Amino acid sequence: MTSKRTRDRLVQRLVDQGVSNRSVLDVVANTPRHIFLEEALSHRAYEDTSLPIGHGQTISQPYIVARMTEILLGAGGTLSRVLEIGTGCGYQTAVLAQLVERVYSVERIKPLQIQARERLRRLKLHNVDFRHADGGLGWPDEGAVFDGILSAAAPREIPARLYRQLAPNGVLVIPVGDDQQILTLVIRVGDTNEFKTQKLEPVRFVPLLSGVTR
């Protein structure tokens, strides 16, 4: 289940689908995706598919994790501070934490956040700050800004707060839409209030919901 051959097959599938960032591919190859799943589903961990993690949420398809991470790294400069909207099981968080200086991860479902925190502790990834908060409001600290923002849930429209939390030349990668979702790249133009937006490809994510749950 966790053999090098199994993981290498997954990475080759990502390469075949167009993922080319070697650092991202190496991190995917070396991150034990099975620990982010319940035991009953762990045998499917290295399939290129999304899987349920409880609470109506899913662990993202490895291709989507790799693709979004590659876009974020490729469109931005030095990513010292990255905000993740939707910690979920913590898999995307773990991938980001191995590629950027510090990750700030927001999750609205408390039990998922607790589990993700423990998993990252097991992996000795200590450069992640967690908050139990409404992801549509971004990071809850007033004045917080980020070099990159990545969302693992889809709003109908991009929340205004996320625009405001982009640092100069900051990059936002987010699925947008309701029935039909499009992966979208937003780049802030310098320190202005102008933003370049590019629609990339159709995707399917859980919706970005407001509020928090215990």
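Values quoted throughout were computed directly from the atomic coordinates according to the rules given, and no laboratory measurement underlies them. Predicted, not measured: the structure shown is a model, and the values here were computed from it. Reconstructed Cβ throughout: ideal geometry from the backbone, glycine too, with neighbour counts over all protein chains shown.
The relative contact order of segment 51-156 comes to 31 percent, based on Cα pairs under 8 Å that sit 6 or more residues apart. For segment 63-203, DSSP calls about 45 percent of its internal beta bridges antiparallel.
Given the Cα-Cα distance of LYS199 and ARG161 and 0.36 nm per residue of separation, how much length would full extension add, in nm? Could the numbers behind the result be given before it?
Numbers: separation 38, 0.36 × 38 = 13.68 nm, distance 1.99 nm.
So the extension gain works out to 11.7 nm.
Here is the list for segment 44-140: trypsin sites (Lys or Arg not before Pro) lying in DSSP coil, each with at most 13 other C-beta atoms within 10 angstrom of its C-beta, are LYS124. Given the alternatives (i) 25, 19, 16; (ii) 31, 19, 17; (iii) 43, 25, 17, semi-axes √(5λ) of the Cα gyration tensor in Å as computed for this entry is given by (i).
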